[in-house]
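Q: A single structure is presented below for examination.
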Amino acid sequence: MISAAELQKLLLEGCALVDVREPVEYAEERIAGAKLIPLSQLETRLSEVGNARPVVVMCRSGKRGGEALKKLEALNHSGVRNLEGGILAWKAAGLPVEKSGDRRLPLMQQVQLTIGLCVLTGAILSLTVHPNWVFLCAFFGAGLTFAGSTGWCGLALLLSKMPWNRVSGNSCQASCSISH
């Protein structure tokens with residue numbers, strides 16, 4: 001693990017910072033100099049990580065960064081560190097982030113709106129149409145429980161693939177392939 005303050009110093013000395021979030025999350029906000037390699041692509045893009053200098057992985061809160069750390073260690077990348085608390089901790093420490101000019105809702109807010117609307121719809125339909133609509137609420141409740149206990153949110157992954165969350169090829173070239 002590495003703290004936000006330690007990472008800030010290490011970035012000035014020349015470390016490789018690998019952001020393992022999804023492209024839509026990276027497009028929303030990122031730490032300057034971070035290279036986007038989504039967790040799902042880490043093994044296939046391993047050559048982009050490099051061995052020459054210290055490598056730090058990061059995500060939103062530290063969970064996916066921890067998974068990336070395990071993957072890299074299993075592939076004989078030693079000395080890799082994970083940003084403790086992810087970009088949330090970086091921002092909480094008052095450190096700067098780059099933001100895109102895009103006006104889309106943040107991915108977590110999209111997840112919250114989707115779940116909230118589906119639970120509300122299920123509750124209204126179960127009261128007015130048929131009691132079995134309550135299972136829609138149960139489905140989303142089970143999904144939230146699973147996401148909270150494992151750190152894996154299928155709905156967030158699904159929403160990140162939606163057309164309104166796709167990062168265009170041109171904007172990704174400008175912001176997603178920042179070299180070190």
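Q: Scanning for something in contact with a Lys or Arg (Cβ under 7 Å, 6 or more places away or on another chain), among the small types (Gly, Ala, Ser) and crowded, with 19+ Cβ neighbours inside 10 Å, does the stretch 108-127 turn up at least one residue?
A: Taking every residue of the stretch 108-127 in turn, none turns out to be in contact with a Lys or Arg (Cβ under 7 Å, 6 or more places away or on another chain), among the small types (Gly, Ala, Ser) and crowded, with 19+ Cβ neighbours inside 10 Å.
Q: I would also like to ask the following. Which members of the stretch 65-90 meet the condition of being of a type in the set (Lys, Arg) and in contact (Cβ under 8 Å) with a residue 60 or more places away in the chain?
A: Correct list: ARG81 only.
Q: Does the stretch 148-162 include one or more residues that are under 16 Å from LEU113 (Cβ atoms) and part of a loop (DSSP other than H, G, I, E, B)?
A: yes
Q: Kindly indicate whether SER149 is exposed (fewer than 11 other Cβ atoms within 10 Å of the Cβ), at pLDDT below 95 and polar (S, T, N, Q).
A: Spelling it out, SER149 is indeed exposed (fewer than 11 other Cβ atoms within 10 Å of the Cβ), at pLDDT below 95 and polar (S, T, N, Q).
Q: Additional query: Looking at GLU73, GLU67, GLU13, GLU43, can you tell me which residue is surrounded by fewer than 23 Cβ atoms within 10 Å (Cβ to Cβ), more than 25 Å from THR150 (Cβ to Cβ) and of a type in the set (Asp, Glu)?
A: GLU13
Q: Still on this structure: Of the residues PHE140, PHE135, only one is of a type outside the set (Asp, Glu) and without any contact (Cβ under 8 Å) to a residue 24 or more places away in the chain; which?
A: That would be PHE135, the only listed residue that is of a type outside the set (Asp, Glu) and without any contact (Cβ under 8 Å) to a residue 24 or more places away in the chain.
The values are calculated or read from the model by the stated rules, or taken from the named source; none is laboratory data. Being a predicted model, the structure only gives us computed values, none of them experimental. Here the Cβ is made from the backbone with ideal geometry for all residues, glycine too, and neighbour counts use every protein chain on show.
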